[in-house]
Amino acid sequence: MPFGVDEAGKGPALGSMFAAAVHCEDTAVLPDGIRDSKRLSPERREELAATLRADDQIAVGVAEITPARIDDPETDMNSLAVAAHAEAIEGVVDDLDRDGTANEPVSGLCDACDTDADRFARRVADACSLADLAVDARHGADDDSPLVGAASIIAKVERDSHMAAFADEYGPVGSGYPGDSTTREFLGSYVAEHRELPPFARESWSTCEDALAEAEQTGLEQF
């Protein structure tokens, strides 16, 4: 029972990280144009994600790692990436319950989120509650494997939708990445006005800590 897994949103200062797992017995049924999601336009990603989800021959599992989990001092991003991949794999197996194949052996490929790909694969397998599971991991798997490429698309669309919902409520928030000028401007103006971070910020990220420190300094200079 082959699957591919990838994540989106490991590095942003705002919002959740998402992982997706995609299962398909025959990759020939995957839509044309599957590739690493970063190389596709948002519109094309959304089209492909909708096609993947609509096909009964394709199963999808999605995991969300919230800012609260990311800010937990008892964990780290490598461990959370492992958890995200494992939860997505369990989700895709749950999705397969619909056709009675979930009890078959499970094997697949993850896009490695660790410098040591073999270690990442072992940690993901250990984190899963599935008995008959074989996990491989490779760097750049989203380019090499159609299933991992499909998972990359699903994860990125989930992340984009997540951020779009915040933009609907708060105005332009950007991508959430520290290098995004719209994100930095949003953080600066929000903290200046509210004297706290927005509820979807990763408080432990240096970008967010810096925004708070700058607002505090500005407030002191006004006296």
Helix-only estimate, please: 222 nm mean residue ellipticity of the chain, summing -39500 (n - 2.57) across DSSP H runs of length 4 or more and dividing by its residues, to the nearest 500. -15500 deg cm²/dmol
When only C-alpha pairs under 8 Å and at least 6 residues apart count, what is the relative contact order of the chain, in percent? 29 percent
In degrees, nearest 10, range 0 to 90: what is the angle between the Cα axis of helix 181-194 and the longest Cα principal axis of the chain? 50 degrees
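Could you size up the charge dipole of the chain around its Cα centre, putting +1 on the beta carbon of Lys and Arg and -1 on that of Asp and Glu, and report it in debye to the nearest 20?
Value, rounded to 20: 340 debye.
Explain nothing, just the number: dipole magnitude of region 41-80 about its Cα centre with +1 on each Lys and Arg Cβ and -1 on each Asp and Glu Cβ, in debye rounded to the nearest 20.
140 debye
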What is the helix-to-structure angle for 77-96, meaning the angle in degrees between its Cα long axis and the longest Cα principal axis of the chain, kept from 0 to 90 and rounded to the nearest 10? 40 degrees
Any chance you could give the angle, 0 to 90 degrees and rounded to 10, that helix 42-54 forms with the longest Cα principal axis of the chain? 40 degrees
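Excluding Glu64 itself, calculate the net charge of residues whose Cβ lies under 10 Å from the Cβ of Glu64, where each Lys or Arg counts +1 and each Asp or Glu counts -1.
0
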Kindly report, to the nearest 10 Å², the accessible surface of Glu193 as traced by a 1.4 Å probe over protein heavy atoms only. 140 Å²
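How large is the accessible surface per residue of the chain, computed with a 1.4 Å probe and reported in Å² as a whole number?
48 Å²
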Which three extents, in whole angstrom, do the alpha-carbon atoms of the chain cover along their principal axes, largest first? 68, 36, 28
Just the Cα atoms of region 40-165, one point each, no solvent: what log10 I(q)/I(0) does Debye give at q = 0.12, 0.16, 0.17 Å⁻¹? -0.47, -0.86, -0.97
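Hey, what does the equivalent ellipsoid look like for region 94-180, semi-axes from the Cα gyration tensor as sqrt of 5 times each eigenvalue, largest first, whole Å?
So the three semi-axes of region 94-180 are 30, 19, 12 Å.
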On the accessible surface of the chain, probed at 1.4 Å with all protein chains in place, carbon and sulfur together account for a percent value of 46 percent
Given charges at Cβ of Lys, Arg, Asp, Glu: region 41-161 dipole, positive-most of Met77, Pro42, Ala137: Pro42
Rounded to whole angstrom, the alpha-carbon centroid of region 83-160 lies from that of region 47-70 at a distance of 12 Å
Sequence ranges 8-18, 135-145, 177-187, 66-76, ranked by mean other-Cβ count within 10 angstrom, highest first: 8-18, 135-145, 177-187, 66-76
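The values are calculated or read from the model by the stated rules, or taken from the named source; none is laboratory data. Being a predicted model, the structure only gives us computed values, none of them experimental. Here Cβ is always computed from backbone atoms with ideal geometry, including for glycine, and neighbour counts include all displayed protein chains. The protein model used for the area step is the full one, side chains on, heavy atoms only, and it has no ligands, DNA or RNA in it. Shrake-Rupley method; radii C 1.70, N 1.55, O 1.52, S 1.80 Å.
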